[in-house]
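Structure, as C-alpha cells:
Nothing in this text is a laboratory measurement; each read-out follows from the coordinates by a stated rule. Bear in mind the structure is a predicted one, so any value in this text is a computation, not a measurement. Positions of Cβ are backbone-derived with ideal geometry, glycine not excepted, and every protein chain shown enters the neighbour counts.
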Amino acid sequence: MRTRRERFDAIALSVVAGVDRRWQDRLGLLEYAVEDAPAVPDDWADGGVPLSALVRGTGSTPSRLVLFRRPIEHRCEGRDDLEALVLTLVVEHLADLLGIEPGEVDARYDPED
C-alpha cells in the first residue's frame, strides 16, 4: 500500500513528465519539487495558503517549481481532482516561464479546475 505522499508524488511526476517532455528545450534549467506545506510567516496577511511556488533562476541557478502537497490535497475530493489541480498549477507556472497562454502548454488545461 502506498502512502498519501507516495500517491501524490506519483501523480505529480506523471503530470510533470508529460508536460516537461514537450517543453524541455524551451524551459532551460528547471527543477521540480514537492514539499508538504509552505513556510508561511506568522504575519501572513494574504489569507490563503499557497498551493505552489515558482522561483525563477538566475544564471546557472535553475528555476524551481514547488508543489505544496497538503494544501493541494486539502482542496481535492479524489484522484481526478488531484490530477486536475496539479496539472493546472504546473501548466500555469510553465506558461508564465515560457511567456505563452496556459492552453498552449497543454490542451488539457481547464482554468475552471
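Among residues other than residue 4 with Cβ under 15 Å from its Cβ, the summed charge is -1 (Lys and Arg +1, Asp and Glu -1).
Considering only 107, 62, 74, and ranking their Cα positions along the charge dipole of the chain that arises from unit charges at the beta-carbon of Lys, Arg, Asp and Glu, the one farthest toward the positive end is 62. Beta-bridge orientation, the chain: approximately 40 percent antiparallel, per DSSP, counting only bridges with both partners inside.
Which entry in (1) 14.8; (2) 16.7; (3) 15.1 is this structure's computed Kirkwood radius over Cα pairs in Å? Of the labelled values, this structure produces (1).
Please report 100, 72 as a ranked list, fewest other C-beta atoms within 10 angstrom at the top and most at the bottom.
Numbers: 100 13, 72 22.
Fewest-to-most ranking of 100, 72: 100, 72.
A helix-only calculation puts the chain at -15500 deg cm²/dmol for mean residue ellipticity at 222 nm, using -39500 (n - 2.57) for each DSSP H run of at least four residues, averaged over all residues.
For the pair residue 42 and residue 17, what calculated FRET efficiency results from E = 1/(1 + (r/R0)^6), where r is the Cβ-Cβ distance and R0 = 30 Å, to the nearest 0.05?
Numbers: r = 37 Å, r/R0 = 1.23.
Working from the Cβ atoms, E equals 0.20.
What is the magnitude of the charge dipole of the chain about its Cα centre, with +1 placed on the Cβ of each Lys and Arg, -1 on the Cβ of each Asp and Glu, and no other charges, expressed in debye to the nearest 20? Approximately 500 debye in magnitude. For region 1-66, applying the loop criterion from DSSP together with a ceiling of 14 other beta carbons within 10 Å to the trypsin sites (Lys or Arg not before Pro) yields 2, 56.
Summing charges over all other residues whose Cβ lies under 14 Å from the Cβ of residue 97, with Lys and Arg as +1 and Asp and Glu as -1, gives -4. With a Förster radius of 35 Å applied to the beta-carbon distance between residue 1 and residue 92, the computed FRET efficiency rounds to 0.60. Among the GluC sites (Glu not before Pro) in region 36-86, those located in a DSSP loop and surrounded by at most 11 other Cβ atoms within 10 Å of their own Cβ are 77.
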